[in-house]
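Notes follow once the structure below has been shown.
The values are calculated or read from the model by the stated rules, or taken from the named source; none is laboratory data. Since this is a predicted model, take the numbers as computed values, not measurements. Cβ placement follows ideal geometry from the backbone for every residue including glycine, while neighbour counts extend to all protein chains displayed.
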Amino acid sequence: MQILRKRYRTIATLGLACYPLNIMNHGLPLSKLLMPPPALAGCVFAFILRDTREASLAASERLNRFPASPLCAITWILDGESHIITDNDNPAPMPRLAFSGPQQNPILSFNPGSVYALTMGIYPEAWKALTGQDTAVHMNRTLPLKDVVDGELLGIFEAMFREIPFPKKLATLEMNLTLRWQSTRPHGASMSLMIQDWVHALAFRAVTSGAGKSIRQVQRRVKNWAGQSQRDLASYARLELLFSNWLESRTDNETTLADLALDTGFSDQSHMGREVHRLIGISPAKLNQLIDTDESFWFYRLMGEKF
């Protein structure tokens with residue numbers, strides 16, 4: 001954890017202008033994990049940049065796979081198109097400026113051509129503080145942001161479409177969002193680098209907030225803030241820990257899936273397999289096979305940079 005905190009401070013200190021966001025990509029897709037400045041650490045989980053405009057990709061390589069997530073998200077389609085593939089395999093066009101609530105199931109999307117997009121993950125209780133909205137209302141939904149917020153806040157997000165250099169408009173977004181966040185930030189909201197840090201901090205704040213201290217009252221506070229139960233949030237934290245342990249074990253030929261299951265707190269390998277399939281959509285063994293070779297798993301490779 002100390003190493004992660006040091007790395008976070010280093011990234012934040014460098015500033016966004018240091019990222020080569022407009023470089024030629026020489027036929028390869030560009031994916032970037034951008035951490036928020038410290039002032040937004042309790043609000044924004046991370047920014048994900050995806051740019052395939054200079055990439056030569058087959059149709060199958062234009063798929064994007066994302067796990068279930070307790071976070072809200074705002075996505076800007078700066079160039080190109082993206083379509084969400086639903087259960088009936090009927091792609092639904094994604095709004096150019098979209099809001100997504102927490103997702104209890106894995107997401108599959110498709111880009112019919114090249115795409116240049118940015119996604120910002122937001123903690124659900126931070127979104128509630130910014131907007132007053134219960135995130136449970138938007139569970140498993142993606143809709144135009146203009147249908148969710150309006151006024152000054154909508155203007156802050158729409159400004160990302162201005163024709164100015166990307167680092168400048170992202171820095172402006174962060175500055176304006178920080179001003180809004182500082183005036184609405186819940187007392188006790190803390191910096192979280194990982195989902196598991198956030199879940200633990202949320203539970204601690206629920207225990208130390210308000211008059212009632214019973215388990216039921218604490219669980220009610222957590223669900224009110226995050227839109228999901230403490231048990232549901234714990235499953236996301238455990239998946240994150242599993243992914244971290246799995247990345248560490250990939251250079252260790254002696255660690256088995258059964259070992260990973262026990263080390264991560266699952267009752268056995270079957271329990272781990274069911275949970276991974278529910279939140280990611282495939283088995284752990286298949287993920288291990290495809291994450292290095294299938295372009296549609298680029299998000300998982302990118303998130304590995306956090307561990």
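Name the single residue that is nearest to L302 (Cα to Cα) among those in segment 41-56 being of a type in the set (A, V, I, L, M) and touching a Gly at 6+ places or on another chain (Cβ under 9 Å). Checked segment 41-56; the qualifying residue nearest to L302 (Cα to Cα) is I48. The residues on offer are L153, L145, and the sole one that is at pLDDT 95 or above and more than 17 Å from P95 (Cα to Cα) is L153. Only a single criterion out of (1) under 19 Å from L63 (Cα atoms); (2) among the charged types (D, E, K, R); (3) in a helix (DSSP H, G or I) is not satisfied by E305, namely (1).
Going by the conditions given, is D232 modelled with pLDDT under 90 and among the acidic types (D, E)? Please lay out each step first, then the result.
Values: modelled with pLDDT under 90: no; among the acidic types (D, E): yes.
Here the answer is no, as D232 does not meet what is asked.
Cβ separations smaller than 6 Å between residues 6+ apart or across chains give the following pairs from segment 286-307 residues that are closer than 21 Å to G27 by Cβ to residues that are at pLDDT 90 or above and of a type in the set (D, E): E295/E61. One residue is enough: does segment 285-292 have a residue meeting the conditions over 27 Å from T52 (Cα atoms), in a helix (DSSP H, G or I) and touching a Ser or Thr at 6+ places or on another chain (Cβ under 7 Å)? Checked segment 285-292: no residue is over 27 Å from T52 (Cα atoms), in a helix (DSSP H, G or I) and touching a Ser or Thr at 6+ places or on another chain (Cβ under 7 Å). None of S235, S244 is part of a helix (DSSP H, G or I), hydroxyl-bearing (S, T, Y) and touching a Leu at 6+ places or on another chain (Cβ under 8 Å) except S235.
The residues of segment 260-302 that are among the polar types (S, T, N, Q) and farther than 18 Å from R62 by Cβ, listed by number, are T264, S267, Q269, S270, S283, N288, Q289. Among the candidates V149, V137, the residue that is surrounded by 18 or more Cβ atoms within 10 Å (Cβ to Cβ) and more than 15 Å from the chain's Cα centre (by Cα) is uniquely V149.
Figure legend. Inter-residue proximity from segment 141-154: first residues over 12 Å from F99 (Cα atoms) and of a type in the set (K, R), second residues in a helix (DSSP H, G or I) and modelled with pLDDT of 95 or more, beta-carbon distance below 9 Å, spacing 6+ or different chains. No pairs are indicated. Taking segment 203-221 as the range and being in a helix (DSSP H, G or I), of a type in the set (A, V, I, L, M, F, W, C) and over 25 Å from K306 (Cα atoms) as the test, the residues that pass are A206, V207, I215, V218. Only residues that are among the small types (G, A, S) and crowded, with 17+ Cβ neighbours inside 10 Å were counted in segment 274-295, giving 1.
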